[in-house]
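First comes the structure, then the notes that go with it.
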Amino acid sequence: MPGPLSELSCLRAARTRRISSYDRTGGNADCITIAAGETVTIAEIDGTGVIRHIWCTVAHDDPLHRRHLILRMYWDGAKEPSVESPIGDFFGQGWGEEYNYAALPLCAAPSRGKALNCYFPMPFAAGARIEVWNDSDKACKAFYYYVDYEECANVDEHARFHACWRRTLHWPAASVENEWNALFADSARNLSDRWNHLIIDTRGRGHYVGINYYVDCPTPMWYGEGDDMWFVDGEKWPPSLHGTGTEDYFNSAWCPKEIYVHPYFGYARINEGQTGWLGRTHCYRFHIEDPICFERSLRGSIEVGHANCLTADIITVAYWYQLPCVSVPRVPDRRGRENMPTLSAVELHAWREAFRQLHGGKKVWGHEKLPSSVQRKLKARAQRKTRLATRAQRAATAARLAQEQMLRGQK
């Protein structure tokens, strides 16, 4: 298989072009401003071509401007965008924060304010348009950008680039947070993606190529026991691609908590200095060598903790190519994009006092189990919802397991 640089010496039948924010007067004011609430088109291209690179950097007085600046992309004269995401989340900067991020198709380079880069190729046959909406009460004082592209004869063999921002403020599907059997031995059994965080749900022919995954975990418990599930071309349960845990999908193992940077996967931000896995972590995974291909449709999702047992704030940006070009869900309003409050030692201390009061205000160190009366109540509640699937799904799973045991010569 040829390497990523093997075709670099081959001549291209294309003409290189650039649209940028350079000062048209010949001065050094090489940026545009974007008023509060204004939408600007930073690139409008006619004809056929491929966008090869996008770079931008921003000066904005709004501390959450990376969540309030909305990036949209349109292909082939479409009225609705095939890309819509807060600009920070798209380029790998979660929660409106700024930190270094290095992957093959996307990166945030060291600088004051970070320089954002995208190398996903973006083909178009009949024009392209990129716009930025400043959904903030403050003006964007400076928006610098390049859009580097090629004009070419045709892109007949190329699908269109898509990206979709989704958020789930997730609560335990079984009403009890019982991760790692922390409260009692019984745990839910999940035979459905009904309660999962949805990553992608699209119709057409194409291939999914990656994700930025941002989790804000309000508990020190490990957030990543959730399995990824991919339903290809309308298939029913079980999906043809079913994972074994969140960290496994992100190509790591055993509850990682350290910065790790690989061109295809890694952990760009971790909850450094916080107890357990409390707080914010950014994982990424790009299927450059192993895209998930589909002919008619793709639905991909991931559990939030085993069997969706945890509370967490999950935000993802999914990236894929497909034909025909489709519109993606619009991002929620500004309130729907706000960060959840940061939890600190004060909140953990309050949880401890609540635990002590459950023990009647007695002297407790913190290692004691919940009072038996509380455990019985929680267990009864959980047992009512331990099977998060329909009767038909459970029956189909039982039949499949019986068949597998028969094929293995088991009784």
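The values are calculated or read from the model by the stated rules, or taken from the named source; none is laboratory data. This is a predicted model, so every value here is computed, not measured. Note that we place each Cβ from the backbone using ideal geometry, even for glycine, and neighbour counts take in every protein chain shown.
Go through (1) within 30 Å of VAL155 (Cβ to Cβ); (2) in a helix (DSSP H, G or I) and name the single condition CYS325 misses.
Evaluating CYS325 over (1) within 30 Å of VAL155 (Cβ to Cβ); (2) in a helix (DSSP H, G or I) leaves (2) as the failure.
Quick one: which of TYR208, TYR267, TYR223 is on the phi < 0 side of the Ramachandran plot and either exposed (fewer than 15 other Cβ atoms within 10 Å of the Cβ) or part of a loop (DSSP other than H, G, I, E, B) (or both)?
Only one candidate passes the filter, namely TYR223.
Can you tell me which residue in the stretch 289-305 is farthest from ALA173 (Cα to Cα), limited to those that are of a type outside the set (Val, Ile, Thr) and buried (at least 22 other Cβ atoms within 10 Å of the Cβ)? Show your work before the answer.
Keep residues of the stretch 289-305 that are of a type outside the set (Val, Ile, Thr), which gives 289-291, 293-301, 303, 305.
With buried (at least 22 other Cβ atoms within 10 Å of the Cβ) added as a condition, the list becomes 294, 298, 300-301, 303, 305.
Working: PHE294: 29, LEU298: 24, GLY300: 18, SER301: 15, GLU303: 10, GLY305: 10 Å.
Of everything passing the filter in the stretch 289-305, PHE294 is farthest from ALA173 (Cα to Cα).
Mind checking which pairs have a first residue in the stretch 106-119 that is within 21 Å of MET73 (Cβ to Cβ) and a second that is of a type in the set (S, T, N, Q) and crowded, with 23+ Cβ neighbours inside 10 Å, Cβ under 6 Å, 6 or more apart or different chains?
Listed by first residue and then by second, the contacts come to ALA108/GLN93.
Is there a residue being crowded, with 17+ Cβ neighbours inside 10 Å and over 20 Å from PHE143 (Cβ atoms) anywhere in the stretch 104-117?
Yes, because at least one residue in the stretch 104-117 is crowded, with 17+ Cβ neighbours inside 10 Å and over 20 Å from PHE143 (Cβ atoms).
Checking the structure you have, find out if any residue of the stretch 221-239 is touching a Pro at 6+ places or on another chain (Cβ under 7 Å), in the same structural domain as TRP180 (by TED's automatic domain parsing), under 21 Å from ASP89 (Cβ atoms) and at pLDDT 95 or above.
no
If I filter the stretch 79-103 down to residues being of a type in the set (Gly, Ala, Ser) and not in a strand (DSSP E or B), which single residue comes out as nearest to GLY266 (Cα to Cα)? Steps first, please.
Filtering the stretch 79-103 down to residues of a type in the set (Gly, Ala, Ser) leaves 82, 85, 88, 92, 94, 96, 102-103.
Now drop any that are not not in a strand (DSSP E or B), which leaves 82, 88, 92, 94, 96, 103.
On the way: SER82: 26, GLY88: 17, GLY92: 11, GLY94: 14, GLY96: 19, ALA103: 8 Å.
Per the criteria, the residue is ALA103.
May I ask you to list pairs of residues, at least six apart or on different chains, whose Cβ atoms are under 8 Å apart, with the first in the stretch 23-48 being touching a residue at least 12 places away in the same chain (Cβ under 8 Å) and the second being of a type in the set (Lys, Arg) and surrounded by 10 or more Cβ atoms within 10 Å (Cβ to Cβ)?
From residues that are touching a residue at least 12 places away in the same chain (Cβ under 8 Å), the pairs are THR33/LYS141; ALA36/LYS138; THR41/ARG129; ALA43/ARG129; GLU44/ARG129; ILE45/ARG17; ILE45/ARG129.
Yes/no per residue for (1) of a type outside the set (Val, Ile, Thr); (2) free of Cβ contacts under 8 Å to residues at least 60 places away in the same chain; (3) assigned to a strand (DSSP E or B):
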| site | (1), (2), (3) |
| --- | --- |
| ILE199 | no, no, yes |
| SER252 | yes, yes, no |
| GLU258 | yes, yes, no |
| ASP290 | yes, yes, no |
| VAL304 | no, no, no |
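Determine, yes or no, whether GLY276 is farther than 17 Å from ASN308 by Cβ, touching a Lys or Arg at 6+ places or on another chain (Cβ under 9 Å) and either of a type in the set (D, E, K, R) or modelled with pLDDT of 95 or more (or both).
Values: farther than 17 Å from ASN308 by Cβ: yes; touching a Lys or Arg at 6+ places or on another chain (Cβ under 9 Å): yes; either of a type in the set (D, E, K, R) or modelled with pLDDT of 95 or more (or both): no.
The answer is no for GLY276.
For residues that are buried (at least 18 other Cβ atoms within 10 Å of the Cβ) and basic (Lys, Arg), tally how many sit in the stretch 226-247.
Here the count works out to 0.
Just to be sure, is THR281 buried (at least 18 other Cβ atoms within 10 Å of the Cβ), assigned by TED's automatic domain parsing to the domain that holds ARG189 and in a loop (DSSP other than H, G, I, E, B)?
No; evaluated as a whole, the condition is false for this residue.
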